[in-house]
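The values are calculated or read from the model by the stated rules, or taken from the named source; none is laboratory data. These numbers were taken from a predicted model, which means no experiment stands behind them. Neighbour counts run over all protein chains shown; Cβ positions are idealised from the backbone, glycine included. Heavy atoms of the whole protein, side chains included, go into the accessibility calculation; ligands, DNA and RNA do not. Shrake-Rupley method; radii C 1.70, N 1.55, O 1.52, S 1.80 Å.
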Amino acid sequence: MATVTQPYSGSATQEKPLVNVRNLILALSLYVVFYAWIRWYEGVYGWSAGLDAFAPEFETYWMNFLYTQIVVEIIVASILWGYLWKTRDRNLAAITPREELRRSMTHLIWLTAYATALYFGASFFTEQDATWHQTVVRDTDFTPSHIIEFYLSYPIYIITGFGAFLYAKTRLPYFSQGLSLPYLITVVGPFMILPNVGLNEWGHTFWFMEELFVAPLHYGFVVFGWFALGILGTLIQIFMSFSKLMGKELGEAMDGGQLKI
């Protein structure tokens, strides 16, 4: 059977790729490299300057680190969320199926970044914190492990998660109408771990409970962490929208003469 190639416009070759692999690699590399440096910092100065909260070196290497990261996190969250909202698409009904599909792929990159940040915050550094408490007797709520876990890694995944939510809400027609319950569960649940830190520190201050994950004081971390499983419902919604978009994209390609038959 002969192969006939239909002519197509030159502008099609200049369209943005559906999946920006460079941004995916850049996002993942950013988290991995940053947290590798954080882990090195903690390993070096956690033991040499983080065992006595009343020592001057603790103020130098850890309290200043805490103050700085809180300020930076507020600035980054304000700029990122503000940018996503300021540059929102105000005419979502006019975007083409291909553009919507491209944005959906970018949305998946956001969710991949969120999953990576959530792993480091709610798994890696949280598990490490339990090891720290089983090794060192704390004399402050602001231990080196807590400064990194509660006040660095948790805000980072919260910033990333709400960034992904805002991207979907402001750039994807499927998520622009109403609120996605699975998506809210995915981002709000892990976010609630941060307020739960207040309850946790209050309990440890007044109860002197042993540092065990099975302690009732830690139930909130587990329950809110399980809320991240809402990502399964979110992915179902995303893939359902994919099926419709790819059907429209295929039809446009055939109508526009960009398909080999």
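Using beta carbons and a limit of 7 Å, which pairs, at least six apart or on different chains, have the first residue in segment 235-249 and among the charged types (D, E, K, R) and the second one at pLDDT 85 or above?
Within 7 Å, the pairs are K248/P97; E249/P97; E249/R98; E249/L101.
When only residues in segment 83-104 that are more than 17 Å from F165 (Cβ to Cβ) and either of a type in the set (A, V, I, L, M) or outside any helix (DSSP H, G or I) (or both) count, which is least open to solvent (accessible area, probe 1.4 Å)?
L101
Among S11, S29, which is the only one that is among the small types (G, A, S), modelled with pLDDT under 95 and either open to solvent by 80 Å² or more (accessible area, probe 1.4 Å) or not in a loop (DSSP other than H, G, I, E, B) (or both)?
None of the other options fit; the residue is S11.
Being open to solvent by 80 Å² or more (accessible area, probe 1.4 Å) and part of a helix (DSSP H, G or I) is the filter here, so list the residues in segment 40-58 that pass it.
W40, W47, P56
Please verify whether Y61 is among the hydroxyl-bearing types (S, T, Y), under 25 Å from the mean Cα position of the chain (by Cα) and either assigned to a helix (DSSP H, G or I) or within 30 Å of I238 (Cα to Cα) (or both), treating the condition exactly as stated.
When the stated conditions are applied, Y61 does not pass them.
Within the bounds of segment 127-150, is there any residue that is over 16 Å from L51 (Cβ atoms), of a type outside the set (S, T, N, Q), open to solvent by less than 30 Å² (accessible area, probe 1.4 Å) and out of contact with any helix residue (DSSP H, G or I) (no Cβ under 7 Å at 6 or more places or on another chain)?
There is at least one residue in segment 127-150 that is over 16 Å from L51 (Cβ atoms), of a type outside the set (S, T, N, Q), open to solvent by less than 30 Å² (accessible area, probe 1.4 Å) and out of contact with any helix residue (DSSP H, G or I) (no Cβ under 7 Å at 6 or more places or on another chain).
When the residues of segment 164-181 are narrowed to those that are polar (S, T, N, Q) and in a helix (DSSP H, G or I), which ends up surrounded by the fewest Cβ atoms within 10 Å (Cβ to Cβ)?
By that ranking, first place goes to S176.
Scan segment 220-234 for residues that are touching a Leu at 6+ places or on another chain (Cβ under 8 Å) and more than 14 Å from S123 (Cα to Cα) and report the count.
As a first pass, look at segment 220-234 and keep what is touching a Leu at 6+ places or on another chain (Cβ under 8 Å): 220, 228, 230-231, 233-234.
Still in the list and also more than 14 Å from S123 (Cα to Cα): 220, 230-231, 233-234.
Count: 5.
Of all residues being out of contact with any Gly (no Cβ under 8 Å at 6 or more places or on another chain) and open to solvent by less than 10 Å² (accessible area, probe 1.4 Å) in segment 182-205, which is modelled with the lowest pLDDT? Just the residue, please. Before the answer, list the steps.
We begin by selecting, within segment 182-205, every residue out of contact with any Gly (no Cβ under 8 Å at 6 or more places or on another chain); these are 188, 194-195, 197-198, 201-205.
Restricting the remaining residues to those that are open to solvent by less than 10 Å² (accessible area, probe 1.4 Å) gives 197, 203.
Working: V197: 87, G203: 80.
Out of the qualifying residues, it is G203.
Any residue in segment 106-120 that is under 27 Å from V214 (Cα atoms), open to solvent by 40 Å² or more (accessible area, probe 1.4 Å) and within 17 Å of the chain's Cα centre (by Cα)?
Here is the first cut: in segment 106-120, the ones under 27 Å from V214 (Cα atoms) are 114-120.
Keeping just the survivors that are open to solvent by 40 Å² or more (accessible area, probe 1.4 Å) gives 115, 119.
Retained after the next criterion (residues that are within 17 Å of the chain's Cα centre (by Cα)): 115, 119.
Yes: segment 106-120 contains one or more residues that are under 27 Å from V214 (Cα atoms), open to solvent by 40 Å² or more (accessible area, probe 1.4 Å) and within 17 Å of the chain's Cα centre (by Cα).
Per-residue answers, yes or no, for (1) in contact (Cβ under 8 Å) with a residue 24 or more places away in the chain; (2) closer than 19 Å to F227 by Cα; (3) among the aliphatic types (A, V, I, L, M):
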{"residue": "F120", "(1), (2), (3)": "yes, yes, no"}
{"residue": "S123", "(1), (2), (3)": "no, yes, no"}
{"residue": "F142", "(1), (2), (3)": "yes, no, no"}
{"residue": "I148", "(1), (2), (3)": "yes, no, yes"}
{"residue": "Y154", "(1), (2), (3)": "yes, yes, no"}
{"residue": "G161", "(1), (2), (3)": "yes, yes, no"}
{"residue": "Y167", "(1), (2), (3)": "yes, no, no"}
{"residue": "E201", "(1), (2), (3)": "yes, no, no"}
{"residue": "H204", "(1), (2), (3)": "yes, no, no"}
